[in-house]
Structures are given as C-alpha cells and as structure tokens.
C-alpha cells in the first residue's frame, strides 16, 4: 500500500460530528473531484469518482448524514492492463443536487447558462472557523492529494482543475505558515509542499497523526544516517590526509638521510626525523609524546615542515624535480 493510501485511509477514519466541518470537507471534495452537469431543461447531477473505497464510503456517509439521502453508488472496473476499480457516487435527483450546490455555495450558473462556474470557498462564512479550515484542507487532500514515500523524498501535492482553487488552497496553507507553490501540469493546477517539516505540519492540521509519526520516524532515521555518513566521510578524509602527509614526510626524511645524513641536522630535527621513521603510523600528538621533552602537535608539525623544506632545498640544489 502506498503512503498516500495509508494517509487517506487514516483520514477516512476520523469522526466528524460538527455539521459545519462536514459541509466544509464535502465542499472541498465536490470542488476538486466533483462533476456537475446539466441534464434536460432544469436537471442537475453531481458525480464524484474515486479509486479509494474508504473515501467513497466517507463521501456517501457525509451526504447521508447532512441531507438524509442515499446517493447512487456504482463500481466500474478498468479494462486496461492495470485493472483499477473506480467508485462512483452520484446524485441524479435535480432537487437534491441543487440543494447541495446551493448549501455548499460551490457553483453558480452565470446568466442562466447551462454550464456551471465554480465559486471560491473563501466567500463562505463557514471557512472563517479554524475547524472548518482544517476540514476543508482534509477534503482537498482526500479528493486530489498524494504524498511520496518519505523513504525516497518529501513531496506532497493536491491536484485540481481550477486555478482559483489552487490559489485558494495556497492561501489556506499560508494561514498556517506553510510554504506552498503552484504549478500547471497537463492542464491541471498542482499545489505542492516540498520540505519535510511543512508536510509534517500539514498532516497534523488535517488530522493524520499516525502517518505524521511514521514520517517523523523516517525523518529521524534519515537524519541519523546522514549524520553518520558525514562523520565517516570526514574521518575518512582526515585519515587519508594523515596517511598522505606521513608518506610524504617519510620520503623527505629518507631523502635527507641518503643525501646529507642526519648528522648535519640539528638535534631537535634529528630526533623528530628518527621518530617519524620508526613510527610511521603515529599521529602528531603521539609523535610529540615520544620526544624528550614532550612536544605539542603544533611544535611537531613545525619541525616536520622544516624537514620538508630542507628536502626541497636539497632537491633544488641538485636540480631534481
């Protein structure tokens, strides 16, 4: 089961008792996934199509509770290779459909035309209440939302046909200080969230608390893995740097020994040169502790750099590269 289905199934189990919240959720559902058509002279039908059985059941029960009517339910199986099952919730009664359109204030027929124009939800007084805003966003996600597997990436989006609805959803998300964007894709408008923290906040707003905890667990594990990888990469880089420096120092010290000999070096440089040749794997701190008297890391590094410089001067005198 996809993460989107997990989230939607959890949302469909939320009990909503307030009529205003039921209306707000249904309003978003009909706006985004509903089809309103005129039939005959004055006939109207409302149709909602979904592939999620739990969502279809929720829409059916919401209409039943709000209007005490039983919508028609049909099941359609795709004949394509991937045999999807679609659930169709339909109101064929013109009176019932007209009452719902009027009650939800979702559409109107301009100049008596038979085509319907959709009205933004912010014209509704109900969305001034916090609970109704959350219910509206929940309905929007149930109707047109999807969320990526958090193990792969953080991406949540809501797809709809009308640009004004997309901007309206963005305004609602901005009310909760969520940074959303709108893009046009294949004739539809998509509102999306990319950051994991924004998606967590959105799931909290719409009431998907179990999915929220699962996403947070994934975020924590991914964060730990990233931190471990950074630490390992850093330690590997430091170890490689130390090994390369040690090889360079040993090469320069052997070159000095083979050309001018350790006898020509000051006592302090001869002592560190012999220590480096004897303990090639030791770090600067360990080398310093072997000296008499002991020397700090900066002092050891200073002496080794002097040996590198001496080896370089000898090569220059001999005309070597």
Can you tell which of 235, 271, 96 shows the greatest fluctuation in a Gaussian network model of the chain with Cα springs below 10 Å? 271
Quick one: length gained pulling residue 213 to residue 129 fully straight, 0.36 nm per residue minus the C-alpha distance? 27.6 nm
Of the candidates 95, 169, 147, which one comes out as most mobile in a Gaussian network treatment of the chain with C-alpha springs shorter than 10 Å? 95
Theoretical FRET efficiency, 1/(1+(r/R0)^6), r = Cβ-Cβ of residue 67 and residue 171, R0 30 Å, to 0.05: 0.55
Expressed in angstrom and rounded, the centroid-to-centroid distance over alpha carbons for region 22-97 and region 203-258 is 52
Rel. contact order, % - alpha carbon contacts under 8 angstrom, at least six apart, region 223-318: 29
CD proxy at 222 nm, helix term only [per DSSP H run n ≥ 4: -39500 (n - 2.57); per residue of the chain; nearest 500]: -19000 deg cm²/dmol
May I ask for the angle, rounded to the nearest 10°, between helix 163-175 and the longest principal axis of the chain, with both axes built from Cα atoms and the value confined to 0 to 90°? 60
Rel. contact order, % - alpha carbon contacts under 8 angstrom, at least six apart, region 3-207: 22
For residue 274 and residue 151 in the same chain, what is the full-extension length gain: residue separation times 0.36 nm, less their Cα-Cα distance, in nm? 38.9 nm
Angle, helix 267-278 long axis vs. longest principal axis of the chain, Cα atoms, 0 to 90°, nearest 10? 60
Angle in degrees between helix 297-318 and the longest Cα principal axis of the chain, rounded to the nearest 10: 70
How much length is gained on full extension from residue 243 to residue 19, taking 0.36 nm per residue of separation minus their Cα-Cα distance? 73.5 nm
Among 263, 288, 34, residue whose mean-square fluctuation peaks in a GNM of the chain (springs only between Cα atoms under 10 Å): 263
Each label sits 7 Å from Cα toward the beta-carbon; between residue 302 and residue 236 the label points are separated, in nm, by 3.6
To the nearest 0.05, what FRET efficiency results for residue 309 and residue 181 with a Förster distance of 56 Å applied to their C-beta separation? 0.45
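Bear in mind that the values in this text are calculations on the coordinates, not laboratory data. Note that the structure is a prediction, hence the values are computed from the model and not measured. Backbone-built Cβ (ideal geometry, glycine too); neighbour counts: all protein chains shown.
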